Amino acid sequence: MTAHTIRNPLKIMLFLLILVIIIAILNQRVIATIGVGESHKPEEGEDSSSSSNTSTGGDTSGSGSGTGQANTGSQSQTSAPTPTPQQNQQQAPPDPCSSDTSAPITSADASSEKFYKSPLYVALSCIDNCGCKETYFCYNLSADGSSACEPNEKYTQPFEIPCSKNSLCNVQLSYYSIDKAGNKESVKSTILHIDNIAPETSYSGPSDKSTAYGKAEIVYGKAEIVLSCADKGSGCKETKYSLDNAQMRPYSSKIIISSQGVHTITFYSIDYAGNEESYHTISFYIASAEQKLEIRNARVSEITAYSARIFFETTISADVTLYYGTDKSSLNNSKKSSGTNHSILLEPLDPETTYYYKILATASEQRVSFEGEFTTKSEDFRIKEVSVQADVNFAIISWSTTLPAECQLSYGLSSPNENSEKVFTKIQTMYEAILKNLEPNSRYFFKIIAKRGAQTIEYNGDFFTLKSAKPSILRINVEPASRTAKEGEIFTFTATLANVENASYIWDFGDGTEEKGAIYEQKIGGLQITNTEAVMHTFYLTFEEKKEFEVKFTLYSPNSNEAIDSKSVKVTVLRAPIKIRLLEPHEAKKKNEPFEIKIELKDYFGRPITKILSYNIAIANRRIDSEIKENGIIRAYFNPNFEVRNIELASIAIDAIVDGNFVHFSTALPIKFEPLRLFAESPLKHQKFYPGNRLGLQLITFKFDKNAYKTDFYITDIRAILESINRKERIEIIPTSLGFILDMNSYKIEMQNIESGLAINLHGRDRYDNTIDEKITLNLAKKNPSFYLELKPIDGNRAYILKEKTILYKIASDKRLAGDVGIKCGNMQEVFSSVEPNNYQYYSFTLPPEYKDKKIICEFTAKAIGADAESFEMIAFDVVSSVNILLMSPNEGQSSFAEEPNKLIIDLRYADGTKASFKKLHGELLVDDIASEIEFSMIDGTYVAALPEPLKFGKHRIELKIKEPLKSEIVANVIINKMPGLSELILGILIVAIVGLLLFSSSKIVVAIKDSKAKMLAEKNNVLALLKKLKAEYFKRHLSESEFKEKYAEAEKKLKEIELRLKKKEYVYFWRKKVKQAKFL
């Protein structure tokens, strides 16, 4: 069978099937041949059984190709002679065990000269002349294989010697055998070594461990890889590796790879026992040598007492952070740079101090560092940190000196020596001067002179005042002034602000915490500075000796949350022997509810302090009871009882044993309280004011909202602002034993207050920092029942030029108060004194021709006599100023007259259609370009004027210009027709009658023609129907053929006659005698 056949199972099956069919056909032929020619018949005397046996014997031989051969074989077997017992005894060989004295020899297929790995199966074999009867064995799993055992276990088959996984075993194997003659072999022992520990391959080369960037190592230029194998048992046989998924190859020497890109190496080792190590795979990246990041030529120069500059280069562009400080283990300061050439200035530094620095450069997933140190020079005397914060009319100048000194400051517009000097005689190092009453939007020059003994130094500068005020942060003050405190001690930060009226703010302490607040100041003018925005904070360290925090204060606009201004200050926190931390409360508490205080005490390493000797806690000058709980926790309960400020200090003093040393430590922790809100009580809230009323003296008291607790409210700060839409005025406040009196005698309610509103804004606080922030909106009403005006216009809300307009007015008063009424309509003014109440009065005015506005407003002001009451009302009228001319006779267009007209009649109306009523009209008339003066008089509601001469019959162009009392004009084309006589009228009537009769008759004729034509068409349709009927009757055999032909011919003849009449339009002659219709079947 060919290889092709083997690879195709279907062909194999087909081949086998054909082979089976061929064999079957051959068998059939053989059987047929045997059955016909060679079938065996038994002879006489031979029974059928012998024949059957013969055939069976032939079948069982299986080696002959026919039955004859099989029978022959059977006969030769039955005829073989059987030996006798005596013959067998003579032929038996001698017994080898009768003379055997040699012990058997046993061997094991495991040797002590090599190492094996589990599972280890040992086979024992025995050799003996007489034959081995039994073999016994034992093994001892001792550590060194020196302890033998007594073989007592019968050997039947190969047995396993156990050894734990990942271990090395030395096994003592002992065994012997006994042969059939009873000879016993001496015990044999051997030590077998089982090694189940895989070798270990150490790797030296690029690492694939995650770096700071989370990626494998990048090698620049080339990578060198060294592999070495170590094995504890049989020893390393071979180390293999594969580079970049290639076929495994034996390792022999250092591997060097220089091609750029990502590479992967896989390696493992095999020991002589056959243990294989697990695969190790490491990936790395080879980049060009030019891309390697290195820091070179680092050097420190320009070293002074307060600064130093560090220069260095990086081989490629890199982002650099330079950390520096006085403690090598804690470099808290940092500066940043980028590029390849770096120059970093370090300031401010302390004189004569050693600083340590570390350069950390990162680029292209590389990170390298360089460390160094330097020492600053001794201190020199100079002015530093000069800061100017200028506003519209003031400026704050602050500075410091490196050594304590006396200072003076002078300033001026053109030179720094114009104004009086600010002198600081106290020896200090920090200074601040506020310059007031400055000119806005101006440049000022200033000079600072510092003196120390015989040394004198100067600093010159300038600044610009602002054109307009804007909110700003002037400075941030820090307590303690050294800006240094231990962890757990309080820092107080105070922001000095200028021109801040309404704003929100955020204190960001730089330790992940912040505090938010809002400012509500009322700016009335002048210098606006407040020092009230202060906050307390405590800082904590982890394991640092000290750390610097940057505290940032930011002002935000209350409407848009946009930052207005921002300033920051840095403080230093030192490690404390005991960390005292306030755990609870961590939120502001209410001033009227008791609460629990929880304080935590820990040492520098964060371990609870348990050996507390004594402690004391006080809040708001009240000592509170407390108890020490487990794990250095102090618990206490405090009831503020309303008598606490918004921030109270919990003063803590503690004596304890820390690390075997006695430690005393005290601090204060700030506890915050929610400020309560004080609400004003005053008759103002329930009083109604009307125009002319004076606000007078108003008493205001304060209380807590929804709280009946009585306390001695001591208001430390209160301000009241009277505010309207265009006015803001501070109210004088008079403190009394009953409360506060607002002096508003000088303020009177005006009409504009009624329209825009009026409110009193109260701001302040009490001695416990509870806030007053309330707006009292005054209840203002226009209509005073005691005194008010009522207006009623006559003839609607329109006023016409030169037409009198009348207004009814009256003073309505339930107290019958009379008053003076002033009226102003446009430029017209009048005053009516002592107008009696509750009676309507008339006021009329007439608009002059030159009035051009579209509206006129009349204002009525009434002032009561003998009372503080006023009323104001106004009414507006639409002004109608233009008039239109309408020709009445002659009309525009055609007009008929019996005689030539000698008068001109017009109508004069305002633009809204109202009829004008003037006695006389004067103007100019142009008739066919002939001008003349004309005067109209009012007669029966129309204006009539005599023409200089009659208008002749025919066409004319008339142009009329009215000049007094109002101006208006019209241009019209007229046709003057002569009116006909009596005879002409009668003739015309007759002609009209005749034409009408003719029109009536013609309509009747048209109707008759249409009727005649319709009848003729109906007759045609009847004939057509008759023709169809004749055909039907004929087919139904109701008519004979002769009858059908006769009648059909007659009907066709009639149809032709009708069509001929229609073609000739005989229906037009409807009056003729109608043709009689023939009758048919």
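Any read-out appearing in this document is the output of simple, stated calculations on the displayed coordinates, not a laboratory observation. All values derive from a computational prediction rather than experimental measurement. When we count neighbours, we look across all protein chains shown, and the Cβ atoms used for this are built from the backbone with ideal geometry, even at glycine.
Label-to-label distance for Gln894 and Lys1036 is 7.3 nm, based on points extended 7 Å past Cα in the beta-carbon direction.
Put in line by how crowded their Cβ is, counting other Cβ atoms within 10 Å and starting with the fewest, Thr354, Thr492 read Thr354, Thr492. Extending 7 Å from the Cα toward the beta-carbon at both Tyr203 and Glu294 defines two label points whose distance is 2.7 nm. So for region 711-791, taking the charge dipole from beta-carbon charges (+1 Lys/Arg, -1 Asp/Glu), which of Thr777, Ile718, Gln752 sits furthest toward the positive end? Of the options given, the answer is Gln752. One equal scatterer on each Cα of the chain, no solvent, Debye formula: the resulting log10 I(q)/I(0) at q = 0.07, 0.08 Å⁻¹ is -1.07, -1.22. As a rough guide to protection, the peptides 808-819, 476-487 ranked by mean Cβ packing within 10 Å, highest first, stand as 808-819, 476-487. At a Förster distance of 30 Å, what's the computed FRET efficiency of Ala563 paired with Glu596, Cβ-Cβ distance as r, to 0.05? Rounded to the nearest 0.05, the efficiency is 0.20. Using the Cβ of Gly822 as centre and a radius below 14 Å, the other residues enclosed give a net charge of -3, where K and R count +1 and D and E count -1. In this structure, the residue pairs whose Cα-Cα separation is over 18 Å, taken from Lys1013/Lys1064; Lys1028/Lys1053; Lys672/Lys775; Lys384/Lys552; Lys1013/Lys1063; Lys589/Lys775, are Lys672/Lys775; Lys384/Lys552; Lys589/Lys775. Along the axis of the charge dipole computed for the chain (Cβ charges of +1 for Lys and Arg, -1 for Asp and Glu, origin at the Cα centre), the listed residues Ile316, Leu413, Leu474 are led at the positive end by Leu413. In straight-distance terms, cross-link reach from Lys952 covers every one of the lysines whose alpha-carbon lies under 19 Å from its own, apart from those fewer than eight places away in the same chain; here that gives Lys903, Lys978. Pairs from the list Lys803/Lys920; Lys486/Lys590; Lys328/Lys377 with a Cα-Cα gap above 21 Å: Lys486/Lys590. Packing here is the average count of other Cβ atoms within 10 Å per residue, and on that basis the peptides 652-661, 891-900, highest first, run 652-661, 891-900. Given region 148-256, what whole percent of its Cα pairs are spread farther than 22 Å? Pairs farther apart than 22 Å: 61 percent.
Quote the charge dipole size of the chain about the Cα centre in Debye, to the nearest 20; the model charges only the Cβ of Lys and Arg (+1) and of Asp and Glu (-1). Spell out each step's value before the answer.
Working: 132 positive and 137 negative charges, 1503 e Å.
Roughly 7220 debye for the chain.
In order along region 928-943, the phi-based Karplus estimate (6.51 cos²θ - 1.76 cosθ + 1.60, θ = phi - 60°) of 3J(HN,Hα) comes to 6, 6, 9, 8, 7, 6, 9, 9, 9, 10, 7, 10, 6, x, 10, 9 Hz; Gly and Pro are listed as x.
Could you estimate the translational diffusion coefficient of region 293-375 from the Stokes-Einstein equation, with Rh from the Kirkwood formula over C-alpha pairs, at 37 °C and 0.692 mPa s, in whole µm²/s? It comes out at roughly 258 µm²/s.
For region 293-375, what's the relative contact order in percent, using C-alpha pairs closer than 8 Å and at least 6 residues apart?
The normalised contact order for region 293-375 reaches 32 percent.
So what's the back-of-envelope 222 nm ellipticity for the chain, counting only DSSP H runs of four-plus at -39500 (n - 2.57) apiece and dividing by all residues, rounded to 500? Intermediate values should be presented prior to the final figure.
Details: 8 runs with 149 residues, N = 1081.
The helix contribution divided over the chain gives -4500 deg cm²/dmol.
Can you tell me the dipole magnitude for region 1004-1068 around its Cα centre, using point charges on the Cβ only (Lys, Arg +1; Asp, Glu -1), in Debye to the nearest 20? Dipole of region 1004-1068, to the nearest 20 debye: 320 debye.
Count charges around Glu630 for me, please; just the other residues with Cβ under 14 Å from its Cβ, Lys/Arg as +1, Asp/Glu as -1.
Values: positive: Lys598, Lys602, Arg607, Lys611, Lys629, Arg635; negative: Glu600, Glu627.
Taking every other residue near Glu630 into account, the sum is +4.
All C-alpha to C-alpha distances of region 788-880, sorted into 5 Å bins beginning at zero, yield P(r) values of 3, 14, 27, 22, 15, 10, 6, 3, 0 percent in whole numbers.
D for region 381-468, whole µm²/s, Stokes-Einstein with Kirkwood Rh over alpha-carbon pairs at 25 °C and 0.890 mPa s: what number?
On the way: Rh = 13.1 Å.
Reported coefficient: 188 µm²/s.
The residue list Ile344, Tyr357, Asn499 was ranked by how far each Cα lies along the charge dipole of the chain toward its positive end, using unit charges on Cβ atoms, and Asn499 comes out on top.
Absence of a disulfide-compatible partner, taken as no other cysteine beta carbon within less than 4.7 angstrom, is noted in the chain for Cys407.
Out of every Cα-Cα pair that region 883-979 contains, those further apart than 16 angstrom amount to 52 percent. For Leu778, the residues 5 or more places off, or on other chains, whose built amide H falls under 5 Å of its own are Leu758, Ala759, Ile760. Counted by neighbouring Cβ atoms within 10 Å, the residues Leu999, Leu951, Leu1024, Leu1062 run from fewest to most as Leu999, Leu1024, Leu1062, Leu951.
Pairs of Cα atoms nearer than 8 Å and 6+ residues apart set the relative contact order; for the chain it is 4 percent. Here the Karplus relation 6.51 cos²θ - 1.76 cosθ + 1.60, evaluated at θ = phi - 60°, turns the backbone of region 747-758 into coupling constants of 9, 10, 5, 10, 5, 5, 5, 4, 7, 9, x, 8 Hz, with x for every Gly and Pro. One Cα centroid belongs to region 878-906, the other to region 755-818; the line between them spans 53 Å.
The fewest-to-most ranking of Leu346, Leu1060 by surrounding Cβ atoms within 10 Å reads Leu1060, Leu346. Computed from backbone phi, the HN-Hα couplings of region 822-830 come to x, 10, 9, 10, x, 8, 9, 9, 8 Hz, rounded to whole numbers (Karplus: 6.51 cos²θ - 1.76 cosθ + 1.60, θ = phi - 60°; Gly and Pro given as x). Mean sequence separation of contacting Cα pairs (under 8 Å, at least six apart), scaled by the length of region 102-195, corresponds to a relative contact order of 38 percent.
Assuming R0 = 25 Å, what is the FRET efficiency of Glu160 and Lys180, from their Cβ-Cβ distance, to the nearest 0.05? That gives a FRET efficiency of 0.30. One quarter of the surface of the convex hull around the alpha-carbon atoms of region 677-780 equals 6.5 nm², the direction-averaged projected area.
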